[in-house]
Amino acid sequence: MNETDRKAVVLVSGGLDSTTVLAMARQQGFRCFTLSFDYGQRAHAELAAAQRCSEQLGAEQHKVVKLDLRTIGGSALTDDSILVPEEETSGIPVTYVPARNTVFLSIALGWAEVLEASDIFIGVNAVDYSGYPDCRPEYIQAFENMANLATKAGVEGRYLRINKPLIDLTKAEIIQLGMQAGVDYSQTVSCYQATEAGLACGKCDSCRLRKIGFEQAGVGDPTRYILSK
């Protein structure tokens, strides 16, 4: 395959991690096709951020797939009766969305087959993460194994890779890499309960980890908060 023909499907949420992964994939010379999901999440502003960042970072095409994970609920992000925690908790938090990464990766896998792309990028992280079981390296490896058993591409010998370049990095390291790759983090939205305008609450786990990351990276926090911090 010609180097310029390398295609990748990149899962983008509009947040800090996935936007960094998109910039890294572009740096590696991939033609990037970005994929987001309108799955009934609280923060719809992240979808606008995903579109915006995809355009800014040179994605060739951006798709939004509409799902309704509110039909099964089970998460503070898909069930309004479950409150988003505003203090650090232990164990798997209520913001975990059941099977979300499995659903997202499965659809990304389908699009990769259609595009004849051999690579999928996802911004999972096992260091500064919120305790989600589907952000662990062993899960990603298991999905990659399954992908190569379950697809026409895999059976015909075109190996499919699930790239997880952030898996062992701290949030500060991710931010430093992203800035080197030209990411404008002021355009990203990470908050679990951001307003329609993309303003962050500054209290949820995602906001807390993001804020600590900028502090440890020695970089000014460009996040727009609901209240002045």
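The values are calculated or read from the model by the stated rules, or taken from the named source; none is laboratory data. In this text the structure is predicted, and so the values were computed from the model without any measurement. Every residue, glycine among them, receives a Cβ derived from its backbone with ideal geometry; neighbour counts consider all protein chains shown.
Residues checked against (1) of a type in the set (D, E, K, R); (2) more than 22 Å from residue 36 (Cα to Cα); (3) touching a Ser or Thr at 6+ places or on another chain (Cβ under 6 Å); (4) modelled with pLDDT under 95:
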residue	(1), (2), (3), (4)
127	no, yes, yes, yes
134	yes, no, no, yes
140	no, no, no, no
144	yes, no, no, no
155	no, yes, no, yes
163	no, no, no, no
168	yes, yes, no, yes
228	no, yes, no, yes
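For the stretch 181-206, enumerate the residues that are over 17 Å from residue 123 (Cβ atoms) and among the hydrophobic types (A, V, I, L, M, F, W, C). It would help to see each step written out before you state the result.
Initial filter on the stretch 181-206 (over 17 Å from residue 123 (Cβ atoms)): 186, 193-204.
If the condition is that a residue be over 17 Å from residue 123 (Cβ atoms) and among the hydrophobic types (A, V, I, L, M, F, W, C), then 194, 197, 199, 200, 201, 204 are the ones that fit.
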- Note on the structure: Going through the stretch 129-185 in order, the residues found to be within 14 Å of the chain's Cα centre (by Cα) and among the acidic types (Asp, Glu) are 134
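Report whether or not residue 105 is closer than 26 Å to residue 131 by Cα, in contact with a Phe, Trp or Tyr (Cβ under 6 Å, 6 or more places away or on another chain) and not in a loop (DSSP other than H, G, I, E, B). First the steps, then the outcome.
Numbers: closer than 26 Å to residue 131 by Cα: yes; in contact with a Phe, Trp or Tyr (Cβ under 6 Å, 6 or more places away or on another chain): yes; not in a loop (DSSP other than H, G, I, E, B): yes.
Judged against the criteria, residue 105 is a match.
So which of 49, 43 is at pLDDT 95 or above and within 18 Å of the chain's Cα centre (by Cα)? Write out each step before concluding.
Working: 43 fails: at pLDDT 95 or above.
Just a single option satisfies the conditions, and that option is 49.
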